[in-house]
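Trainee: The structure is given below, and queries will be raised subsequently.
The values are calculated or read from the model by the stated rules, or taken from the named source; none is laboratory data. On a predicted model such as this, the values are computed, not experimentally measured, just so you know. Cβ placement follows ideal geometry from the backbone for every residue including glycine, while neighbour counts extend to all protein chains displayed.
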């Protein structure tokens, strides 16, 4: 009975508003939501193109870039971006010039880059900073970083939405696109650059390892739920935003990792949708 | 102007390790229905890629509707109907959206569709008899209907030359027959149809021209003259079963 009384007497509005009174929470919430939106939009294209592993590869490959940026004191997004592009170019080069299949090439390149990052960290940077890069730390984000993240992700998302029809043709039928004179290589590399920027922008919030989930799970979940591309983007974005908000609140009240919670919620949503779909199909 | 839709002069294409086409010369006239046959890996798809301008030959020249391939791409002269197995049928895209892709070459860089594009797509769907299915997701169609959708995309594009890669693979006899009828009606309306096929049995009833490919064009011309036992067995290294020659 006591519990019930407690449940009825709790002021839920206050529970929602309270964390937002703190500047750091408000910032964390805003950044997480923006990261969620940007990754969700991209995830729809990645999943349909069959490029999920590429997101994985790029996010790991940026580690040495982040460490070197830390050492020489430049914005770490810049260092990350340089190494992301290096990895993409190297993967493309090895694939074109050898008989090794793409998944193996990606595996070799990103693990080597990641290993280099670990070597540099072990020699130079303290282990506290390592945790931030690997797992994200959105609660401690500085004003500068918050604005940096929000603005670059807003720009990449806007570009992808504006050119969504171009990227959709690129994913669905690149041969057709090329046969009517669309600059397929330019589109290909633009997409990779946008992916690299989104990943580097998201690292502070969810970290190198969990950004992969942000780039795969929302799109996959949405893909199960709809047969329309625009709807797919809306669903992916909604799932991602809700997960980001839950993650931010959970980390405030339960004192747990924000990035981890966001990704965990996304995973739970996927499993729920998958179970629902499977049960529905069995009944038919 | 000559009545030539596609002309390849002494074209050679080498991939990093192997030769795909050697010293290939062919002239395909307008308003013809050409069947391209040859063994797997004999250069049929390379020939298609050269015509579409996706592969640049190391030697030789290619002319499509009197233009070089780059200009031909800009004008959308050539439309491609892909093999069924190369299409992701689960892709969240509707029949109408696929046909609208035929218009992208003519649209601005944002690919914003205009009313004229929508009208072209509707007209194309009507022409192939698929207008009632325009809101279906593409995986929810039969094999023959799927082909019709891509033919509609080619029509919406306004292409003069239709390249079809293995269009009959996986189709039942009825669907194949009705697809052939559609293609022949398009040829009669002035389109040039070129298809790569393994279906040698029905070829004489379908195609008025044949091109035999084995790393180069072994022979090309009207079906009656070229589709002979001697030439076809040369193309397929003598391995032929159950084919009736006139």
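Trainee: Go through (1) touching a strand residue (DSSP E or B) at 6+ places or on another chain (Cβ under 8 Å); (2) crowded, with 24+ Cβ neighbours inside 10 Å and name the single condition residue B:152 misses.
Mentor: (1)
Trainee: What's the number of the condition residue A:120 fails, among (1) at pLDDT 85 or above; (2) within 19 Å of residue A:196 (Cα to Cα); (3) in contact with a helix residue (DSSP H, G or I) (Cβ under 6 Å, 6 or more places away or on another chain)?
Mentor: (2)
Trainee: Could you please let me know if residue A:36 is closer than 28 Å to residue A:221 by Cα and in contact with a helix residue (DSSP H, G or I) (Cβ under 6 Å, 6 or more places away or on another chain)?
Mentor: It is true that residue A:36 is closer than 28 Å to residue A:221 by Cα and in contact with a helix residue (DSSP H, G or I) (Cβ under 6 Å, 6 or more places away or on another chain).
Trainee: Are there helices (runs of 4 or more DSSP H) fully within the range A:82-179 with at least 1 residues that are without any contact (Cβ under 8 Å) to a residue 24 or more places away in the chain and surrounded by fewer than 17 Cβ atoms within 10 Å (Cβ to Cβ)? List them.
Mentor: Hits in the range A:82-179: A:102-124, A:127-135, A:143-162, A:174-179.
Here is a yes/no grid of residues against (1) in contact with a strand residue (DSSP E or B) (Cβ under 9 Å, 6 or more places away or on another chain); (2) assigned to a strand (DSSP E or B); (3) under 21 Å from residue A:173 (Cβ atoms); (4) at pLDDT 90 or above:
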position: B:167; (1), (2), (3), (4): yes, no, yes, yes
position: B:181; (1), (2), (3), (4): no, no, no, yes
position: B:198; (1), (2), (3), (4): yes, no, no, no
position: B:220; (1), (2), (3), (4): yes, yes, no, yes
position: B:232; (1), (2), (3), (4): yes, no, no, no
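Trainee: List the helices (runs of 4 or more DSSP H) inside the range B:25-133, counting only whole elements, that have at least 2 residues being under 17 Å from residue B:166 (Cβ atoms).
Mentor: B:44-52
Trainee: Out of the residues in the range B:108-127 meeting the condition of being surrounded by 19 or more Cβ atoms within 10 Å (Cβ to Cβ) and under 26 Å from residue A:161 (Cα atoms), tell me which one is modelled with the lowest pLDDT.
Mentor: Looking at the filtered set, the residue picked out is B:111.
Trainee: On to the next question. If residue A:225 meets every condition in (1) within 14 Å of another protein chain (Cβ to nearest Cβ); (2) in contact (Cβ under 8 Å) with a residue 12 or more places away in the chain; (3) buried (at least 23 other Cβ atoms within 10 Å of the Cβ) apart from one, which number is that one?
Mentor: For residue A:225, the failing item is (3).
Trainee: So how many residues does the range B:118-165 have that are free of Cβ contacts under 8 Å to residues at least 24 places away in the same chain and within 13 Å of chain A (Cβ to nearest Cβ)?
Mentor: Residues in the range B:118-165 being free of Cβ contacts under 8 Å to residues at least 24 places away in the same chain and within 13 Å of chain A (Cβ to nearest Cβ): 1 in total.
Trainee: Could you please find all residues in the range B:22-48 being farther than 15 Å from residue B:219 by Cβ and crowded, with 22+ Cβ neighbours inside 10 Å?
Mentor: B:33, B:46, B:48
Trainee: If we scan the range A:186-208, do we find a residue that is within 11 Å of chain B (Cβ to nearest Cβ), within 21 Å of residue A:237 (Cβ to Cβ) and touching a residue at least 24 places away in the same chain (Cβ under 8 Å)?
Mentor: Looking for residues that are within 11 Å of chain B (Cβ to nearest Cβ), within 21 Å of residue A:237 (Cβ to Cβ) and touching a residue at least 24 places away in the same chain (Cβ under 8 Å), one finds none in the range A:186-208, hence no.
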